[in-house]
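The values are calculated or read from the model by the stated rules, or taken from the named source; none is laboratory data. Note that the structure is predicted; figures quoted are calculated from it, not measured. Backbone-built Cβ (ideal geometry, glycine too); neighbour counts: all protein chains shown. The accessibility values were calculated without ligands, DNA or RNA, using every heavy atom of the protein model including side chains. Shrake-Rupley method; radii C 1.70, N 1.55, O 1.52, S 1.80 Å.
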Amino acid sequence: MITINEKTFALSTRETTLLLRVNEIGKVVCDHYGRRLEHDDLALAAVPDGVTTGRTIVYDEKQSEKLALPSIHGEYSTPFKGDDYSPSLEIVSDKGRLYDFVFVSALSRPLEKMEGYPTPHGEAEELILLCRDEKMGAELELHYAVFEDCDVIGKFVLVRNVGEKPFTLRRVYSSQFCLEDQGYVLHASYGSWAGEFQRAETPIGHFRYELGSDSGSSSDQHNPFFMVRRDDASLRTGAVYGFNLIYSGSHRIVVEKDAFGLIRIQQGISPRGLEKTLAPGDTFLTPMAVLTYTHNGLNGISKHMHAFVNDHVIPTRFARVPRPIAFNNWEGTYMKFNEAKLHSLAKKAKDLGCELFVLDDGWFGHRDADNSSLGDWDVYKKKLPHGIEGISKYVRKLGLKFGLWFEPEMASPDSHLLEQHPDWVIQDGIHEPSLGRHQLVLDLTKKEVRDYLFDALSNHLSTGCIDFVKWDYNRTICDIPNSGSFLHDYILGLYDLVGRLTKAFPDVLFENCASGGARNDLGMFSYFPQGWVSDDTDSFERAKMQLEMSFGYPQSVMSNHVSAKTNHQMLRKTGFGTKFDVAAIGVLGYEMDISELDSIEEKAIKSQIEFYKKHRETLQFGIYRILDTFEHGHGRLIVEVADANKALVTYVNYVQTPHPGNETLPMAGLDPEATYAYSVRPEYHSLKTFGSLINQVSPVHIKEEGVLVNVLSRFRGLDAEGLKGEAKGCTLNAGALQIGRQWAGTGYDDSTRILLDFGARIYVFEKK
Ligand code: GLA
């Protein structure tokens with residue numbers, strides 16, 4: 001709800017209020033952003049004018065003797081009028097560099113489509129505060145979108161040249177937000193290929209922190225999602241602010257604390273990716289920044305952000321639509337496959353219970369390795385003599401959906417496309433463009449390139465035999481041409497292309513991928529309902545990444561696959577049960593050579609898939625709660641996903657310890673009055689797990705790693721610990737459920753949990 005009262009503006013959601021005011025010198029300031037305020041008490045929240053001390057510049061002594069720009073809670077700062085902290089907007093022109101905007105008028109309306117950008121859908125009100133620098137011929141509109149149902153505020157700005165000469169934007173952030181320090185911690189993520197979403201935390205000191213990406217995409221270096229939390233906030237309690245940006249290109253996050261403890265937080269397009277000249281009459285619109293606040297700790301942030309993404313960002317056609325269980329051939333075959341191999345994998349995938357067969361890289365041009373054919377999107381006849389239609393028909397006849405991998409934005413130097421159109425790649429025309437994964441990036445700012453790609457993909461999609469597209473993007477952008485806004489224009493070109501394609505083929509489910517998770521952001525999720533989290537499919541590494549990502553993104557966008565027992569990225573060996581228990585918190589898939597499974601593994605995977613189908617709604621759309629986490633590199637990670645009727649808990653072990661204690665599950669949020677049936681998902685141990693210890697119970701001698709154990713273990717396993725019972729929600733919420741000790745060499749019985757290093761379990765709580 002937006003309430004305008006002269007020069008005060010209250011933007012309220014269910015649990016929060018953002019209170020804005022125009023102060024005596026015409027600047028828009030933020031008096032409060034936090035818990036919801038009673039409307040009768042709004043005046044109380046007005047922040048007193050800042051004091052000028054020592055050398056501070058007084059903005060205008062005639063209007064106010066003490067008002068100085070750096071000390072106000074300004075909603076949008078510009079430089080050279082006494083505010084020397086990080087500016088949100090920098091403009092240069094022949095006239096000068098001092099642009100000083102003051103409030104003119106306000107209006108509210110339903111949120112309108114943001115030209116060129118993905119705009120969140122669903123109900124939202126918009127407040128627009130128009131500010132102007134009459135002398136410089138420039139206008140600034142501060143836009144606020146209120147998503148009441150999920151406690152989210154969207155912020156973006158529009159700059160307009162209302163003068164007679166052009167001016168150039170050097171920096172134009174989407175949002176600035178000022179906060180008085182009460183002991184805050186910056187919680188963001190850093191990462192790289194195969195190691196996305198690593199936690200980065202620091203108490204906010206008297207510094208300027210600048211993070212983000214200058215690589216042309218939102219990146220795995222620093223995702224645009226981050227949080228600022230009170231240092232006493234925990235998973236379940238305490239004040240936390242959450243931030244994101246609906247943008248897929250280079251971006252910047254700035255957090256700066258001044259000597260007085262005023263923290264300024266800015267989000268927007270990276271200035272290095274944007275220098276834009278506006279002719280008279282031109283406007284520039286920024287992407288939308290997303291802000292939320294909770295006093296319910298980090299879990300409260302994920303609750304708000306998940307609802308926002310599921311209900312306002314994901315295309316409506318796929319919002320809250322259950323996602324299929326995929327089989328993907330990548331880690332099973334890489335590019336070494338033929339039709340017969342794919343047929344046998346598809347048959348086995350169907351037999352196991354999968355619902356979608358995805359043919360990954362290597363099906364086009366003459367692609368046998370990653371150094372050729374990108375750009376030539378016609379089928380590689382040697383591998384697939386019956387074309388895409390042939391393999392798709394085969395797969396669909398089995399009762400599976402069919403998906404295909406593309407990397408549309410790229411071209412290989414060894415391709416017909418670049419032979420014909422060498423000028424279509426990004427290059428500065430002076431230097432030889434550098435390769436990344438042996439490939440170049442196509443210039444999506446060119447309409448003819450976008451049209452070619454639209455046609456190339458449409459040719460396949462319009463046959464109607466493709467249900468799913470995995471859209472990859474496997475390098476960063478360099479060698480940009482001489483245009484200050486090239487990186488930004490590229491992203492607008494990308495949005496134009498994916499917007500056209502998803503509109504033309506609304507029933508095709510797209511999966512977002514960028515060498516794993518290098519472009520998992522709200523911009524891409526506005527078109528593509530799910531994203532590949534990381535090329536690292538090791539369950540322990542993924543558990544950490546999924547946890548970090550889950551604060552800002554729901555499980556429905558996180559695509560996770562169970563892969564080979566010896567993981568290809570880490571060479572870490574983990575059982576399929578553990579891999580499933582982690583991958584199941586999200587959109588499940590399998591990615592390995594399933595024709596090599598032994599009968600016991602096959603049986604186990606079938607039962608995993610049955611389990612997943614039974615609980616899919618909760619696993620993909622349930623509320624995510626973190627109950628416990630890895631601390632100081634040891635311990636356990638416990639997460640719960642829940643809806644009104646059930647909760648599923650994944651427990652991930654770190655390394656084994658020789659002195660395990662009794663353990664309970666610290667449940668949260670179960671209905672205290674209801675009775676729940678609880679159980680652990682049945683698991684088995686391979687005979688090989690026990691090495692030569694097996695001889696203590698075996699009637700015949702079994703040699704460790706010998707032929708006998710290898711043969712036997714293909715057919716027999718030992719049941720893992722069981723757990724079954726009933727209890728009241730309040731009892732379980734009190735953390736009373738004992739789940740048994742872990743193995744510690746001796747004292748084994750049927751409640752002993754043998755998890756091994758990095759092992760996992762899923763527990764189920766169903767309301768009676
Ligand atoms: C990227 C993706 C992988 C796979 C390969 C194919 O690395 O992240 O999942 O599709 O490309 O080349």
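Numerical summary
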| item | result |
| --- | --- |
| Nearest 10 degrees, 0 to 90: helix 297-308 Cα axis against the chain principal axis | 90 |
| Exposure rank, largest accessible area first [S515, S12; 1.4 Å] | S515, S12 |
| Paramagnetic label zone (point 7 Å from Cα along Cα-to-C-beta, K614; backbone N under 15 Å) in the range 641-662 | 646-649 |
| Protein accessible area in the chain, 1.4 Å probe - carbon and sulfur % | 51 |
| Probe 1.4 Å, accessible area per residue of the range 214-337, Å² | 27 |
| Mean separation of Cα contacts under 8 Å (6+ apart) over length of the range 246-325, as relative contact order % | 21 |
| Segments 30-40, 521-531, 490-500 sorted - mean Cβ within 10 Å per residue, highest first | 521-531, 490-500, 30-40 |
| Alpha-carbon centroids, the range 88-117 and the range 353-420: separation in whole Å | 46 |
| By accessible area with a 1.4 Å probe, ligands and nucleic acids excluded, highest first: order of K341, K688 | K688, K341 |
| Degrees separating the helix 339-352 axis from the principal Cα axis of the chain, which is the longest one | 90 |
| Relative compactness, the chain, computed as alpha-carbon Rg over 2.2 N^0.38 Å | 1.02 |
| Relative contact order (%) - criterion: Cα under 8 Å, at least six apart; region: the range 2-313 | 16 |
| Bridge type composition, the range 287-440 - antiparallel percent by DSSP, nearest 5 | 30 |
| Gain upon complete extension [I754, D719; 0.36 nm per residue less C-alpha separation] | 11.5 nm |
| Average accessible area per residue (Å²) across the range 641-767 - probe 1.4 Å, nucleic acids and ligands excluded | 51 |
| Charge dipole of the range 641-767 about the Cα centre (unit charges at C-beta), most positive-ward option of A642, G747, M667 | G747 |
| In degrees, nearest ten, helix 599-621 long axis to first principal axis of the chain (Cα) | 30 |
| Rounded to the nearest 10 Å², the accessible area of T52 at probe 1.4 Å | 50 |
| Estimated D of the range 641-767 in µm² per second, where Rh is the Kirkwood radius over Cα pairs and Stokes-Einstein applies at 37 °C, 0.692 mPa s | 202 |
| Gyration tensor verdict on the range 428-564 (Cα atoms; rounded if a/c is under 1.5, prolate if a/b is larger than b/c, oblate otherwise) | oblate |
| Rounded to 5, percent antiparallel among DSSP beta bridges of the chain | 85 |
| K768-H206 FRET efficiency (beta carbon distance; Förster radius 41 Å; 0.05 resolution) | 0.15 |
| Restraint check, K347/K393; K470/K606; K544/K579; K348/K401, Cα-Cα greater than 22 Å | K470/K606 |
| Spacing of the two label points (7 Å from each Cα toward its C-beta) at S64 and E602, in nm | 7.6 |
| The chain, relative contact order [Cα under 8 Å, separation at least 6], % | 10 |
| Over the range 167-272 - Rg/Rh using Cα atoms and the Kirkwood inverse-distance radius | 0.98 |
| Rg followed by Dmax, in Å, when the range 238-284 is reduced to its Cα trace | 14.9, 48 |
| Label-to-label distance, nm, for residues given as D351 and A744 (7 Å Cα→Cβ offset) | 4.4 |
| Cross-link partners of K62 among lysines (Cα-Cα below 30 Å; sequence separation of 8 or more within a chain) | K7, K27, K81, K95, K135, K257 |
| Two-site label geometry, K703 and D479: point separation in nm, points 7 Å out along Cα→Cβ | 5.8 |
| Gain in span if fully extended, S434 to D232, counting 0.36 nm per residue against the direct Cα distance | 68.0 nm |
| For the range 130-200 versus the range 598-662, the gap between their alpha-carbon centres in whole angstrom | 38 |
| Residue-span extension gain [S458 to V92] - 0.36 nm each, minus C-alpha spacing | 127.4 nm |
| Sequence of D49, D719, D351 when ordered by accessible area, the most exposed leading, probe 1.4 angstrom | D719, D351, D49 |
| In the range 78-137, the GluC sites (Glu not before Pro) that fall in loop regions by DSSP, at most 14 other Cβ within 10 Å | E112, E115, E123 |
